[in-house]
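I have placed the structure first, in the form of structure tokens, so that the comments after it can refer back to it.
The values are calculated or read from the model by the stated rules, or taken from the named source; none is laboratory data. If you're wondering where the values come from, they're calculated on a predicted model, not measured in any experiment. Backbone-built Cβ (ideal geometry, glycine too); neighbour counts: all protein chains shown.
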Amino acid sequence: MTETILVIGSNGQIGSELVEKLREDYGSNRVIASDVREADADTKARGPFIQMDALDSKQVFDAVKKNNVTQIYMLAAMLSATAEQKIKLAWKLNMDGLLNFLDIAKEEKLKLFWPSSIAVFGPTTPRRNTPQHTIMEPSTVYGISKLAGERWCEYYFQKYGVDVRSLRYPGLISWKTLPGGGTTDYAIDIFHEAVKNKSYECFLEADTMLPMMYMEDALRATISLMDVDASKVKVRSSYNLAAMSFTPEMLATEIQKHIPDFTCTYKPDIRQQYADSWPQRIDDGEARADWGWSHDYDLSHMTEDMLMHIQQTVVH
Ligand code: SER
């Protein structure tokens, strides 16, 4: 079957890179990028783009039908720190957005990907080697919306047979597109500041350990989960997914191996609370066993690659 793939949130941190990767695999015209914000001319020249609001179900339905879409990646969401400032709006986007696409997937019999997060866990969850199935009492609006979303995914799968697949992403580290409004964003900002100014003031404490992943790995995980035979996808809420865990201090030390005079200071703000409610290291054994997930990038490999790319962008 010829696939036609729609990526919602294509201007965002994951979307912008996922579109590129999918186009390498499927061909430019088979992957439709879409975002609520207009795309720049460069992006539009690279393949089809539709400007639309993920909450406008009629427009989305029309676009899906008109283009004979067979798979959707629904990536539009508000991250943890921004969501705490706009709680109702975050709930609306994170929840109504998902429900819209679950309905479309049900009606049109499409395959759907939706991202969950380590934020589904909360202060009562075991923080080390957090199992797939465990106590989940998230204390952020973002986490509450992701946990509810996971339950909706499982519900649509059980009740209507919707082929929905999901991953609990750790903090995602990338150099191409900046994230916005997340708690794990420090692990990206630090690289840009290290290259530009050789110093960084971190908004988390030095010893805050969180699960993290390099974007290359996250994209590979996402596409492999979507490509695998449906019978292998045993978890229909969302899979734990892991690669590495580190603290700001460990990351700063790693950066110093390349930029010896780099200094990092620590001035925690409200985001410390969100980070403290999340696990330090999660157990992704089910993803590894069910569909063969394994990561490539560890802390040193990721740091090397990030610095190389950011240094290149600063020079050019
Ligand atoms: N990266 C997200 C955030 O910091 C967590 O999933 O909000």
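Which of the residues belonging to region 201-260 are within 21 Å of LEU112 (Cβ to Cβ), of a type in the set (Lys, Arg) and not in a helix (DSSP H, G or I)? LYS234, ARG236, listed by residue number. LEU204 meets the conditions (1) surrounded by fewer than 22 Cβ atoms within 10 Å (Cβ to Cβ); (2) over 25 Å from LEU18 (Cα atoms) in every case but one. The failed one is (1).
Can you tell me which residue is farthest from the ligand (Cβ to nearest atom) among those in region 164-207 that are touching an Asp or Glu at 6+ places or on another chain (Cβ under 7 Å) and within 18 Å of GLU84 (Cβ to Cβ)? Ranking the candidates gives PHE203 first. Checking the stated criteria, PRO138 turns out not to satisfy the condition of being more than 14 Å from the ligand (Cβ to nearest atom) and not charged (D, E, K, R). All conditions in (1) of a type in the set (A, V, I, L, M); (2) surrounded by fewer than 22 Cβ atoms within 10 Å (Cβ to Cβ); (3) touching a Gly at 6+ places or on another chain (Cβ under 6 Å) hold for LEU219, with the sole exception of (3).
Residues in region 104-135 that are within 16 Å of the ligand (Cβ to nearest atom) and either among the acidic types (Asp, Glu) or not in a helix (DSSP H, G or I) (or both): PHE113, TRP114, PRO115, SER116, SER117, PHE121, GLY122, PRO123, THR125, ARG127, THR130.
Go through region 7-44 and report how many residues are among the hydrophobic types (A, V, I, L, M, F, W, C), modelled with pLDDT of 95 or more and either assigned to a helix (DSSP H, G or I) or more than 23 Å from SER224 (Cβ to Cβ) (or both).
5
Note on region 55-79: residues that are assigned to a loop (DSSP other than H, G, I, E, B), touching a Leu at 6+ places or on another chain (Cβ under 8 Å) and either at positive phi or in contact (Cβ under 8 Å) with a residue 60 or more places away in the chain (or both) amount to 7. Taking residues in region 251-278 that are under 20 Å from PRO170 (Cβ atoms), and partners anywhere that are away from the ligand (no atom under 16 Å from the Cβ) and part of a helix (DSSP H, G or I), the pairs with Cβ atoms closer than 8 Å and at least 6 places apart or on different chains are LEU251/LEU299; LEU251/THR303; GLU254/LEU299; GLU254/SER300; GLU254/THR303; ILE255/ALA194; ILE255/THR303; ILE255/LEU307. Scanning region 1-27 for residues that are under 22 Å from the mean Cα position of the chain (by Cα) and exposed (fewer than 15 other Cβ atoms within 10 Å of the Cβ) turns up GLU24, ASP25. Every condition in (1) among the aromatic types (Phe, Trp, Tyr); (2) closer than 30 Å to ALA230 by Cβ; (3) touching a strand residue (DSSP E or B) at 6+ places or on another chain (Cβ under 6 Å) is met by TYR266 except one, and the failing one is (2).
Could you please let me know if GLU108 is at pLDDT 95 or above and under 20 Å from GLN272 (Cβ atoms)? First the steps, then the outcome.
Numbers: at pLDDT 95 or above: yes; under 20 Å from GLN272 (Cβ atoms): no.
No: the conditions fail for GLU108.
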